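Participant: Structure below; questions to follow.
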């Protein structure tokens, strides 16, 4: 039963909850520019002034190749300088340019020890002039992530955390809960078949594992272009959204 | 060679390297030296000038640490507690210091140790270098007792008793030692072994703006320290404002009740005169200070200043660019206070196609370069440095690999792109790295890798894993 009165009341309640939560809700979220994702996410995009967590899956996941570009694409579409906090020097800056992140916009802060990285991210989040802070983190406890989330809410700077690991024990840490607003898992997917030998545009399996106010969901997407935008694969775009149909049928 | 007069004798005070090779040494009578080397160039020693230039050198060494004191006639004390990380490590700091002195034409020997006395001994009578923490006794024990800074008459008395090494002296019963040779020998021994504390009175350049504060009751709580630092920063910034200057480097010196001292140093990326900001740079590091029984005096010194004129600040909204840039300066300072100025940087493109050389570090606040890498080249997001050897099988000589084994896992290649040949620039001399043929490969599981062959197959080229694509 969906009568108009119920919808209005729901909308009013949502509005009240949003006001109570404050912080991140004040700034307009960053849309991905893809209807499929934007309608699924609360507010129509990725919340700014919030903590987001990216996890790599698939082969060579300890190198976080896809996640790096995914994160760089988000940072590139925000306006302003970006602080990138890292411990390992395996980042290849020319690769970030493919997502449209200009080298002049990125300030790197290189920590020697893992435990120095979270304070660096927090320091960055307290700076209003930044667009985003990207952090490559192995250990992030619930309390630490809560601190980052609060710092991000206070200034409106978006925190993007890439989870890194080098051992299996460290990889298991990724399963632990954090206070991040969304948690994404990116895995490389087979690129489209080309008529001639060669490689087409990269494709990812993008999973929204956790999101406050939305259900988990999986998409197959084409990787960031030179403006940091994702795209729906052409051969998949025209197919009907079966999950939505099923839900509609069930209700 | 210089000489000075002791009583009626003329004694060699200092000798250059060539003179030392000819067999002359400090403390030798001039007549004997002239007998050894007939056409000896002799200059009268000028102790006052020596001391003045030693003070100049000490002022120069403040670039390394705020606590520097001249140690006449020929030494410098530098307290590097809490500053070594700015240079990477103690070894790197030492190498930097000695090589710079060498370039100025000063032959120097330096040592780092837990206690000033031990560093003195190792620098003069040992091998120099860094004495690891806790190994002071081992390092000093084998040295000659001359390394203890004791008076010449006591030295000869010890020699007569057959005591040549510090270790022998340390092994002697303490009470008879003090009775026989006096308290100062025992004190010097303790100072060299790190058992007794020895204060270094820092040389504060007269012209540096300083704000200091002495307390009637010693303080030790971290909140109190923070409040004091903020007040001192306010004082200092008022002084700087009158002089039309701003700080680039600040030193915070603590004097404890037990006469021990401690110091902290921070730098700013851009010349700055904002007390709240400058005080905040010390916040994190104040926790590392051990107040002991209390701190009775704190001094804040702007050891490096630069002119800073008043600038017209545009209203917010009009000068958006200006405002955000100033903020970045403060952010960079705060980050640098945690990890060191060298660890906060930007990457600028280099006109090179060799992956390892495509970027160089520039200061975080350098003006925008505006240049970018060529955009149409497919480049990975993560680079494996150094590349790892893989075993690969290609069907035809110039084809991409069909299978490869990397880290003991066999991957089957589904799609591939390449080769892209990258050769080192001729102006860098083609030594070492030859031309590489790069392939982008996608395995059947979807992983995308950057693999190269370091020579054509016919010449026995090997395959290497070099990067990871998105």
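The values are calculated or read from the model by the stated rules, or taken from the named source; none is laboratory data. Since the model is a prediction, treat every value here as computed from it, not as a measurement. Backbone-built Cβ (ideal geometry, glycine too); neighbour counts: all protein chains shown.
Participant: Taking the condition of being more than 18 Å from residue B:187 (Cβ to Cβ), in a helix (DSSP H, G or I) and modelled with pLDDT under 85, how many residues in region B:126-158 meet it?
Facilitator: Final tally of qualifying residues: 2.
Condition check ((1) within 13 Å of chain B (Cβ to nearest Cβ); (2) surrounded by 20 or more Cβ atoms within 10 Å (Cβ to Cβ); (3) in contact with a helix residue (DSSP H, G or I) (Cβ under 8 Å, 6 or more places away or on another chain)) across all residues:
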position	(1), (2), (3)
A:6	no, no, no
A:10	no, no, no
A:38	no, no, yes
A:43	no, no, yes
A:55	no, yes, yes
A:77	no, yes, no
A:81	yes, yes, yes
A:89	yes, no, no
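Participant: Residue B:94 versus (1) at pLDDT 85 or above; (2) crowded, with 18+ Cβ neighbours inside 10 Å; (3) over 28 Å from residue B:12 (Cβ atoms); (4) in contact with a helix residue (DSSP H, G or I) (Cβ under 7 Å, 6 or more places away or on another chain): which is the lone unmet condition?
Facilitator: (4)
Participant: So, of the residues in region B:346-362 that are in a strand (DSSP E or B) and more than 7 Å from every other protein chain (Cβ to nearest Cβ), which turns out to be farthest from residue A:106 (Cα to Cα)? Break it down into steps so the answer makes sense when it comes.
Facilitator: Restricting attention to region B:346-362, the residues satisfying the condition of being in a strand (DSSP E or B) are B:346-349, B:359-362.
Then keep just the ones that are more than 7 Å from every other protein chain (Cβ to nearest Cβ); that gives B:360-362.
Values: B:360: 13, B:361: 12, B:362: 11 Å.
The qualifying residue farthest from residue A:106 (Cα to Cα) is B:360.
Participant: Something else now. Hey, does region B:100-114 have a residue that's touching a residue at least 60 places away in the same chain (Cβ under 8 Å) and either buried (at least 20 other Cβ atoms within 10 Å of the Cβ) or in contact with a strand residue (DSSP E or B) (Cβ under 9 Å, 6 or more places away or on another chain) (or both)?
Facilitator: Yes, region B:100-114 contains a residue that is touching a residue at least 60 places away in the same chain (Cβ under 8 Å) and either buried (at least 20 other Cβ atoms within 10 Å of the Cβ) or in contact with a strand residue (DSSP E or B) (Cβ under 9 Å, 6 or more places away or on another chain) (or both).
Participant: Just checking, how many residues over region A:151-169 are outside any loop (DSSP other than H, G, I, E, B) and touching a residue at least 12 places away in the same chain (Cβ under 8 Å)?
Facilitator: 11
Participant: Something else about it: Do we have residue B:455 as more than 14 Å from every other protein chain (Cβ to nearest Cβ), within 41 Å of the chain's Cα centre (by Cα) and assigned to a loop (DSSP other than H, G, I, E, B) here?
Facilitator: Numbers: more than 14 Å from every other protein chain (Cβ to nearest Cβ): yes; within 41 Å of the chain's Cα centre (by Cα): no; assigned to a loop (DSSP other than H, G, I, E, B): yes.
Taking the combined requirement at face value, the residue does not satisfy it.
Participant: Taking the criterion of being at pLDDT 85 or above and over 16 Å from residue B:112 (Cβ atoms), would at least one residue in region B:60-67 satisfy it?
Facilitator: Checked against the condition, which is being at pLDDT 85 or above and over 16 Å from residue B:112 (Cβ atoms), region B:60-67 yields at least one hit.
Participant: Separate question: Using the structure shown, decide if residue A:195 is out of contact with any strand residue (DSSP E or B) (no Cβ under 7 Å at 6 or more places or on another chain), over 23 Å from residue A:111 (Cβ atoms) and either surrounded by fewer than 14 Cβ atoms within 10 Å (Cβ to Cβ) or more than 14 Å from chain B (Cβ to nearest Cβ) (or both).
Facilitator: Yes.
Participant: Let me ask another. Could you list all residues from region B:256-295 that are surrounded by fewer than 18 Cβ atoms within 10 Å (Cβ to Cβ), more than 23 Å from the chain's Cα centre (by Cα) and either at pLDDT below 85 or on the phi < 0 side of the Ramachandran plot (or both)?
Facilitator: Result: B:257, B:258, B:259, B:274, B:276, B:277, B:292, B:293.
Participant: Which one is farthest from the chain's Cα centre (by Cα), of the residues in region B:381-393 that are assigned to a strand (DSSP E or B) and within 13 Å of another protein chain (Cβ to nearest Cβ)?
Facilitator: Only one residue tops the list, namely B:390.
Participant: Answer yes or no as to whether residue A:72 is more than 10 Å from every other protein chain (Cβ to nearest Cβ), assigned to a helix (DSSP H, G or I) and either touching a residue at least 40 places away in the same chain (Cβ under 8 Å) or farther than 23 Å from residue A:101 by Cβ (or both).
Facilitator: no
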